1. Would you mind stating whether B:L245 is under 23 Å from B:L194 (Cβ atoms) and more than 10 Å from chain A (Cβ to nearest Cβ)?
2. Taking B:R136 as the residue in question, decide whether it is among the charged types (D, E, K, R), open to solvent by 70 Å² or more (accessible area, probe 1.4 Å) and touching a helix residue (DSSP H, G or I) at 6+ places or on another chain (Cβ under 8 Å).
3. Among what's in segment A:70-121 and is in contact (Cβ under 8 Å) with a residue 24 or more places away in the chain and among the aromatic types (F, W, Y), pick the residue that is nearest to the other protein chains (Cβ to nearest Cβ).
4. For segment A:61-68, indicate whether the set of residues that are open to solvent by less than 30 Å² (accessible area, probe 1.4 Å), under 30 Å from A:W150 (Cα atoms) and out of contact with any strand residue (DSSP E or B) (no Cβ under 8 Å at 6 or more places or on another chain) is non-empty.
5. Does segment B:219-235 contain at least one residue that is within 14 Å of another protein chain (Cβ to nearest Cβ), under 30 Å from B:T86 (Cβ atoms) and touching a residue at least 24 places away in the same chain (Cβ under 8 Å)?
6. Taking the conditions exactly as written (among the hydroxyl-bearing types (S, T, Y), at pLDDT below 90 and in contact with a Phe, Trp or Tyr (Cβ under 7 Å, 6 or more places away or on another chain)), does B:Y97 satisfy them or not?
7. Could you run through segment A:234-244 and say how many residues are open to solvent by 10 Å² or more (accessible area, probe 1.4 Å), assigned to a helix (DSSP H, G or I) and closer than 16 Å to B:A156 by Cβ?
8. Let me confirm something: among B:L2, B:L26, B:L41, B:L11, which residue is open to solvent by 60 Å² or more (accessible area, probe 1.4 Å), out of contact with any strand residue (DSSP E or B) (no Cβ under 9 Å at 6 or more places or on another chain) and within 14 Å of chain A (Cβ to nearest Cβ)?
Amino acid sequence: MSTLAAVYTGKKNGARIGYALVALLLLMALFGPWLAPYDATLVSLDDRLLPASASHWLGTDHLGRDVLSRLIVGTQLSLGSVVLVLGLVLVLGVVIGGIAGIVGGKVDMFLMRLCDMFLTFPTLVLAFFLIALLGTGLTNVIIAIALSHWAWYARMVRGMVLAQRNRDYVLASRLAGASRLTRLRQHVMPNVVGQLLVLASMDIGHMMLHVSGLSFLGLGVSPPTPEWGVMINDAKEFIWTQPQLLLWPGLMIFISVMAFNLLGDALRDRLDPSVLAEIKE
Amino acid sequence: MLRYIILRLVLLIPVLLGVSLIVFVLLHLGNGDPALDYLRLSQIPPTDAALAEARHALGLDRPLPEQYLTWLWNAVHLDFGMSYITGRPVLDDILYYLPATLQLGGLALLATLVMSIPLGLAAARWKGRWPDQVVRFITFIGVSMPNFWLAFLLIALFSLWLGWLPPMGRGGPQHLLMPVLAIALMSMSINARLLRASLLDVREHRHVFYARARGLNEKRVWRDHILRNAWMPLVTATGMHIGELLGGALVIETIFAWPGVGRFAVSAVLNRDFPVMQCFTLLLTTLLVLCNLVVDICYAWLDPRTRFSGVMA
């Protein structure tokens with residue numbers, strides 16, 4: 001719980017703890033199968049629901065699988081799915097928002113009205129609807145969440161492109177005779193992408209909550225695969241006898257979201273405040 | 001004011017048309033064949049003849065624009081078709097479950113407002129002192145907590161350990177406490193932070209300085225000059241939270257065996273019961289649009305400056 005102290009010890013430490021936790025989670029995601037003490041999917045009915053001990057630090061679940069191993073190996077899917085959602089959202093946001101901002105006119109009108117429509121839906125309801133169409137499974141959950149989040153990003157990218165287009169250095173390069181494509185590639189897009197990544201980092205935690213929520217409802221990964229949301233779903237029948245089974249995977253989600261929130265705040269503080277004001281326009 | 005409300009109501013029509021068009025297009029872009037799903041769920045073997053007949057019965061053999069108009073016409077008359085599973089009119093099923101969800105969502109909205117205002121006020125009033133620290137601690141936890149996990153923690157604490165509250169079901173206020181808190185904590189935290197920041201910002205404005213210079217007491221300065229201006233962002237944010245709260249209610253009610261539309265929707269998703277999903281999506285989206293309209297009207301009422309610019313935008 002030392003991470004909670006970050007609130008009190010000031011911004012700098014909060015940022016450090018955020019970076020450290022995210023690094024730790026990335027390590028777990030990359031090397032999970034090697035770090036885990038046991039095979040995360042190995043069923044051993046003789047070792048069902050063991051309490052925490054020296055051989056099983058966090059005990060075992062209802063099928064005798066080592067909880068710690070499942071948590072560690074689960075990092076990959078839990079974190080990976082969020083990274084994929086983020087990637088998809090950014091690509092959609094940059095392409096659609098970029099086109100709207102650059103082309104302008106009727107295309108801009110059409111794309112922005114489309115965004116408005118998508119922003120009208122309650123996020124989770126739209127995600128439900130899309131999963132019903134696509135079918136359940138982690139890939140479809142990722143697609144569904146990305147499709148219910150992209151519109152906000154597209155609008156922001158459009159706003160940033162429009163703001164960048166009239167900056168002095170872009171006008172200067174235009175005077176110097178740079179073509180439209182060069183101006184976009186060299187001056188507009190690098191700035192947009194940088195700002196966008198910072199804003200996205202503030203949103204990762206939120207996306208993670210959405211993905212894990214759908215996964216908890218049983219719409220994502222199918223049971224034998226270790227993933228935090230589905231582990232909570234698996235464990236919910238045992239709340240009366242083995243509440244600790246619910247505690248650990250939830251704690252992992254909580255810590256990850258917190259880490260991303262700290263990271264996002266730290267990156268935002270490093271961003272030029274005038275940029276934030278500009279985006280809000 | 002009345003003109004503003006009527007104008008906003010008229011502007012809803014294109015929004016809802018757009019939403020219905022998106023739902024319709026997505027439904028037809030989906031990789032499934034509704035006729036096949038219909039046969040599967042009605043337990044009719046999918047022979048070619050049966051498929052053709054189902055397509056005809058469901059109107060899938062008509063041109064798409066015609067299908068859309070028929071569908072829209074029926075939807076406007078509140079006819080969303082029959083559930084593939086229960087065989088009953090979809091709308092009846094959803095309206096049967098929806099009030100329980102709205103009760104949870106509505107109370108969560110109320111809890112969000114009721115809790116975030118004193119927290120935000122206390123944090124801003126005693127900035128840097130212990131009330132601020134406590135509020136920052138609560139909101140820091142609140143923005144990172146998965147709502148479904150919080151629900152289990154609450155059950156473990158209040159039902160399993162202390163035995164104070166019933167873990168599931170719908171009944172008196174004791175059944176509401178845990179689900180509402182689980183749904184509201186996130187929005188409450190965001191709102192409290194927002195109000196704190198907004199209060200600290202307004203506190204520095206010149207009119208506040210002037211109010212103090214006129215010799216008004218602190219209480220009046222805070223009530224009439226700071227809070228009155230600072231809570232406007234809160235109204236906007238509340239509009240944005242309604243969708244989140246609704247989504248939260250859908251997830252949380254499955255944990256507390258709350259007889260709402262959430263579990264019904266999840267089973268419809270798992271069974272690919274399209275008429276149910278389409279009605280569910282349209283209904284909840286319309287609801288959200290109407291809620292946002294109410295928020296906007298409140299905003300215009302609270303802040304006369306937006307009455308005209310809002311319509312023009």
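The values are calculated or read from the model by the stated rules, or taken from the named source; none is laboratory data. Owing to the predicted nature of the structure, the values given are computational and were not obtained by experimental measurement. Please note: Cβ atoms are built from the backbone with ideal geometry, for glycine as well, and neighbour counts cover all protein chains shown. Accessible surface areas use protein heavy atoms only, side chains included; no ligands, DNA or RNA. Shrake-Rupley method; radii C 1.70, N 1.55, O 1.52, S 1.80 Å.
1. Values: under 23 Å from B:L194 (Cβ atoms): yes; more than 10 Å from chain A (Cβ to nearest Cβ): no.
No.
2. On the way: among the charged types (D, E, K, R): yes; open to solvent by 70 Å² or more (accessible area, probe 1.4 Å): yes; touching a helix residue (DSSP H, G or I) at 6+ places or on another chain (Cβ under 8 Å): yes.
Taking the combined requirement at face value, the residue satisfies it.
3. A:F121
4. Looking only at segment A:61-68, we keep the residues that are open to solvent by less than 30 Å² (accessible area, probe 1.4 Å), and these are A:61, A:64-67.
Narrowing further to those that are under 30 Å from A:W150 (Cα atoms): none.
Looking for residues that are open to solvent by less than 30 Å² (accessible area, probe 1.4 Å), under 30 Å from A:W150 (Cα atoms) and out of contact with any strand residue (DSSP E or B) (no Cβ under 8 Å at 6 or more places or on another chain), one finds none in segment A:61-68, hence no.
5. Going residue by residue through segment B:219-235, those that are within 14 Å of another protein chain (Cβ to nearest Cβ) are B:233.
Pick out the ones that are also under 30 Å from B:T86 (Cβ atoms) and you get none.
Taking every residue of segment B:219-235 in turn, none turns out to be within 14 Å of another protein chain (Cβ to nearest Cβ), under 30 Å from B:T86 (Cβ atoms) and touching a residue at least 24 places away in the same chain (Cβ under 8 Å).
6. Values: among the hydroxyl-bearing types (S, T, Y): yes; at pLDDT below 90: no; in contact with a Phe, Trp or Tyr (Cβ under 7 Å, 6 or more places away or on another chain): yes.
No, not satisfied.
7. 4
8. Details: B:L2 fails: within 14 Å of chain A (Cβ to nearest Cβ); B:L26 fails: open to solvent by 60 Å² or more (accessible area, probe 1.4 Å); B:L41 fails: open to solvent by 60 Å² or more (accessible area, probe 1.4 Å).
None of the other options fit; the residue is B:L11.
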